[in-house]
Amino acid sequence: MNNKKVETINGLKGIALIALIISLLNLNSLSGGFLGIDFFFLIIGYLNIKILLKFNDIKLFSFFEYYINKIKKISPSLIILIVISIPLSYLTLIPFRNIEYAQSIIYSLLFFSNYFFWTVREHHFFDYYLYKPLLHLWGLSILIQFYIFFIPCLVFIIKKKREFIFLFLILILSVSLSLSGYLSLKSPGFNFYFTATRIWEFALGGIIAFQQLNKKNNYNGNLPVLFSFFLILISLIFYNQYTLHPSPLTLIPLSALGTILYFSERNNFINKFLSTKILSFFGIISFSLFLWGNTIFAFTNLFEFQYDLTFNSFTIIIIILIVSLINHFLIYKKFLTIKLNKYYYLLFGSLIFISISYSYFVISVDGLNNKKSHVKIEGTKTLYQNNIKCADLTTSVCKFNKENKKTIFLIGDSHMNSLAYDLKEFSRKNNFKFIMSTPAGSPFFLNTSRITKSNNKKDQRFEKIMSLRKKIISENENIIVVLGARYPFFFSGTPFDNKEGGKEKNLLFYNFSSNSENSILNEFKLGIEAYANRGVKFVLIYPIPEVGWHVPNKLYFKNSDDLKKKPLTTSLKVYLERSKYSFDFLDGPKNKNIYRFYPHTVFCDNFIKKRCVTHNQKYSYYIDYDHMSFLGSKLLTKELFSIINKIKN
């Protein structure tokens, strides 16, 4: 491969990596930065498949040398990362997060962490990275699975029928891309982590390599390359967490990247830009940056929670750069050039054994529960149907106890999802059908559009979610609709600040806009009253108090005696001020079939005057800044059930 092409490819890797880092730091300027990992998949597919295609006699290809090379590139850095992260996890992670971390070590070393993170995921975006120092290794696992399963298939086809390789790559791309399009609608979470919905990205790289080797021309590609580079920038800016991904939409930026790769040997303006020293440098150290970036980001945030330290974005970037440079020159490059002997195998084998042994120990002793306080921290119970997480569904809903005629329909966002398990159990015991529609960021706003901030366009998924909800309400005669959401967040568009030092880091990537001359408030009032006049029963759930602090992290490192003297609470006044418009919104509809439930009456102004509590002496009521824990949701559903019992009686 000539130097010009190497520099161009390194430049593309550099852009992909920079986009990932900016996305990681939660900066709004590149909401599509997550595409960086897809760019890597395509580039890696291009490079590896091109190596195979360039063999005149594929029988000379050595699997042993190929995989030894991959082991030398990946394993030393990965093992060092895991070993160093172990003491940091001990210092910063609460028990149930530490158990997940220990499990992630095992699955990462087995290169199946993509499936593990799918099973435990809450949401890939928002602040999910804060608690998962090894979450990014799902991408490395997919890469290894490509090496282990896909490469041998290609070698076999090239050996038997070399002329079929292009058709094979086209077939893989078509099937995998179609599958990703289907699952992006049916199960976005599974789709995101599933190898079969990502393999088309590697295949596309192989198709580019095949075309490049078999169609020689002297055209420098200035116009298509310039247009492709523009498309990549547009995608990085305007794609966001609500873009169906991976899906046929992902094909747009990846095709643009493939076009640049196709013309990577040509002397054009974009290739000159990509070959600049700074971009090429980031491309050269891209593996180290990828490996350490998320882990450092996660631990700096966790140290902020636990030890009241402050790391701004610039500081985090400097730490990531320094550690990545150390890893690149002292570990990555060193092991690429040396011949592995039994002592290296013994060393890294011992480190793997220690890491796995530690992980099993952590799991067996309840996450190294050495906390000072005695407050237990439990997560929520997640509902699945047909192995698909119910909260992920956007084009369909989960239905339980389908044989029953009476229906309870839970509608809302992730705040309502925490109530789903108890409502399902209540429905089963009381002969109700239970239906739920609680995808993240999806309140029941009638005749309203969700507008993506980055491109100011309507989010079609929200339109489909609302259409499905209205259809279900209309089709079920004897129905109780339980309705709620994190309204203050949606109406204000800002993360919660408790005015006492606690401010969450979530960003809202969209706005809501009425589709008529009426306000969202009036549209809701008119719509709910119209349903209620037809006999539909509603339970309107008012805002659950937000906290501003990550409650489990705060509680875990506080002494029990200190918590008795000064519990972790927030101001009722601040809650009421932030929720004023939300109360006006929910107060609007008037009808005998409309019932109301006020969660703040459960947590606020009861135990401590004018304060909202986040825990009792034994349990935390929250799992993060604002979502209920299993016990917190039980306190709410206890009151909710009494309202539903009044309705059904």
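The values are calculated or read from the model by the stated rules, or taken from the named source; none is laboratory data. Because the structure is predicted, anything quoted here is derived from the model rather than measured. Cβ placement follows ideal geometry from the backbone for every residue including glycine, while neighbour counts extend to all protein chains displayed. Each accessible area value is taken on the protein alone, full model and side chains, heavy atoms only, with ligands, DNA and RNA left out. Shrake-Rupley method; radii C 1.70, N 1.55, O 1.52, S 1.80 Å.
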* To do: Tell me which of these Thr310 doesn't satisfy, since it passes every other one: (1) more than 30 Å from Gly548 (Cβ to Cβ); (2) without any contact (Cβ under 8 Å) to a residue 40 or more places away in the chain; (3) within 26 Å of the chain's Cα centre (by Cα).
  => (1)
* Checking Gly501 against (1) at pLDDT 90 or above; (2) open to solvent by 50 Å² or more (accessible area, probe 1.4 Å), which single condition isn't satisfied? -> (1)
* Structure fact -> Phe557 vs (1) open to solvent by 20 Å² or more (accessible area, probe 1.4 Å); (2) under 15 Å from His600 (Cα atoms): all pass except (2)
* Find the helices (runs of 4 or more DSSP H) located wholly in region 511-588 whose residues include 1 or more that are closer than 23 Å to Glu639 by Cβ, and list them. => 520-533, 551-556, 572-578, 580-587
* **All positions within region 393-410 that are open to solvent by 30 Å² or more (accessible area, probe 1.4 Å) and in contact (Cβ under 8 Å) with a residue 60 or more places away in the chain** => Thr395, Ser396, Lys405, Lys406
* Index of the failed condition, Gly283 passing every other in (1) of a type in the set (Gly, Ala, Ser); (2) touching an Asp or Glu at 6+ places or on another chain (Cβ under 9 Å); (3) open to solvent by 10 Å² or more (accessible area, probe 1.4 Å) -> (3)
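Condition first: part of a loop (DSSP other than H, G, I, E, B) and surrounded by fewer than 12 Cβ atoms within 10 Å (Cβ to Cβ). Now tell me which residues in region 323-365 satisfy that.
Ile338, Lys339, Asn341
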* **Glu463, sole failed condition from (1) open to solvent by 30 Å² or more (accessible area, probe 1.4 Å); (2) touching a residue at least 60 places away in the same chain (Cβ under 8 Å); (3) assigned to a helix (DSSP H, G or I)** => (2)
* Asked: When region 504-525 is examined, which residues are found to be open to solvent by less than 10 Å² (accessible area, probe 1.4 Å) and polar (S, T, N, Q)?
  -> none
* Which of the residues spanning region 415-434 are part of a strand (DSSP E or B) and either open to solvent by 10 Å² or more (accessible area, probe 1.4 Å) or within 18 Å of Arg486 (Cβ to Cβ) (or both)? -> Lys433
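May I ask you to say which residue of Ser180, Ser187 is on the phi < 0 side of the Ramachandran plot, in contact with a strand residue (DSSP E or B) (Cβ under 7 Å, 6 or more places away or on another chain) and in contact (Cβ under 8 Å) with a residue 12 or more places away in the chain?
On the way: Ser180 fails: in contact with a strand residue (DSSP E or B) (Cβ under 7 Å, 6 or more places away or on another chain).
When all the criteria are applied, what remains is Ser187.
Yes or no, residue by residue, for (1) in contact with a Lys or Arg (Cβ under 6 Å, 6 or more places away or on another chain); (2) closer than 25 Å to Asn476 by Cβ; (3) surrounded by fewer than 16 Cβ atoms within 10 Å (Cβ to Cβ):
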| position | (1), (2), (3) |
| --- | --- |
| Val539 | no, yes, no |
| Val551 | no, no, no |
| Pro567 | no, no, no |
| Ser571 | no, no, no |
| Arg578 | no, no, no |
| Phe585 | no, yes, no |
| Gly588 | yes, yes, no |
| Tyr595 | no, yes, no |
* **First in region 94-121 and under 13 Å from Ser364 (Cα atoms) and open to solvent by 10 Å² or more (accessible area, probe 1.4 Å), second anywhere and part of a helix (DSSP H, G or I) and not small (Gly, Ala, Ser), Cβ under 7 Å, 6 or more apart** => Ile99/Val362; Ile99/Ile363; Glu100/Val120; Gln103/Phe116; Gln103/Ile363
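Checking the conditions here, which among Leu540, Leu521, Leu568, Leu555 is at pLDDT 90 or above, within 23 Å of His615 (Cα to Cα), more than 21 Å from the chain's Cα centre (by Cα) and aliphatic (A, V, I, L, M)? Let's see the steps before the verdict.
Working: Leu540 fails: within 23 Å of His615 (Cα to Cα); Leu521 fails: within 23 Å of His615 (Cα to Cα); Leu555 fails: at pLDDT 90 or above.
Criteria check complete, one pass: Leu568.
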* To do: State all residues of region 265-280 that are of a type in the set (A, V, I, L, M) and open to solvent by less than 40 Å² (accessible area, probe 1.4 Å); if no residue qualifies, say none.
  => Ile270, Leu274, Leu279
* Structure fact -> Taking region 186-241 and the residues there that are open to solvent by 20 Å² or more (accessible area, probe 1.4 Å) and among the charged types (D, E, K, R), the one that is nearest to Ile451 (Cα to Cα) would be Lys186
* Asked: Would it be correct to say that Ala485 is in contact (Cβ under 8 Å) with a residue 24 or more places away in the chain, part of a loop (DSSP other than H, G, I, E, B) and either in contact with a Lys or Arg (Cβ under 7 Å, 6 or more places away or on another chain) or open to solvent by less than 10 Å² (accessible area, probe 1.4 Å) (or both)?
  -> yes
* **Residues that are at pLDDT 90 or above, more than 10 Å from Tyr332 (Cα to Cα) and of a type in the set (S, T, N, Q), drawn from region 69-92** => Asn69, Ser85, Ser89
* Structure fact -> Checking Tyr90, Tyr46 in turn, the sole residue that is in a helix (DSSP H, G or I) and open to solvent by 50 Å² or more (accessible area, probe 1.4 Å) turns out to be Tyr90
* Going by the conditions given, is Gly441 assigned to a loop (DSSP other than H, G, I, E, B), in contact (Cβ under 8 Å) with a residue 60 or more places away in the chain and not charged (D, E, K, R)? -> yes
* region 299-311 - residue that is modelled with pLDDT of 80 or more and closer than 22 Å to Glu500 by Cα and, of those, surrounded by the fewest Cβ atoms within 10 Å (Cβ to Cβ) -> Phe303
* Count - residues of region 435-460 that are open to solvent by less than 60 Å² (accessible area, probe 1.4 Å) and of a type in the set (Lys, Arg) -> 1
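Among the hydroxyl-bearing types (Ser, Thr, Tyr) and surrounded by fewer than 21 Cβ atoms within 10 Å (Cβ to Cβ): is that true of Tyr262 in this structure?
Values: among the hydroxyl-bearing types (Ser, Thr, Tyr): yes; surrounded by fewer than 21 Cβ atoms within 10 Å (Cβ to Cβ): yes.
Here the answer is yes, as Tyr262 does meet what is asked.
Against the definition (at pLDDT below 95, surrounded by fewer than 18 Cβ atoms within 10 Å (Cβ to Cβ) and either of a type in the set (A, V, I, L, M) or within 28 Å of the chain's Cα centre (by Cα) (or both)), how does Ile608 come out, yes or no?
Spelling it out, Ile608 is indeed at pLDDT below 95, surrounded by fewer than 18 Cβ atoms within 10 Å (Cβ to Cβ) and either of a type in the set (A, V, I, L, M) or within 28 Å of the chain's Cα centre (by Cα) (or both).
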* Structure fact -> Of the residues in region 466-479, those that are open to solvent by less than 10 Å² (accessible area, probe 1.4 Å) and either over 28 Å from Lys186 (Cβ atoms) or assigned to a strand (DSSP E or B) (or both) come to Ile479
* **Number of the condition not met by Leu24 [criteria: (1) open to solvent by 30 Å² or more (accessible area, probe 1.4 Å); (2) in contact with a helix residue (DSSP H, G or I) (Cβ under 8 Å, 6 or more places away or on another chain); (3) modelled with pLDDT under 90]** => (1)
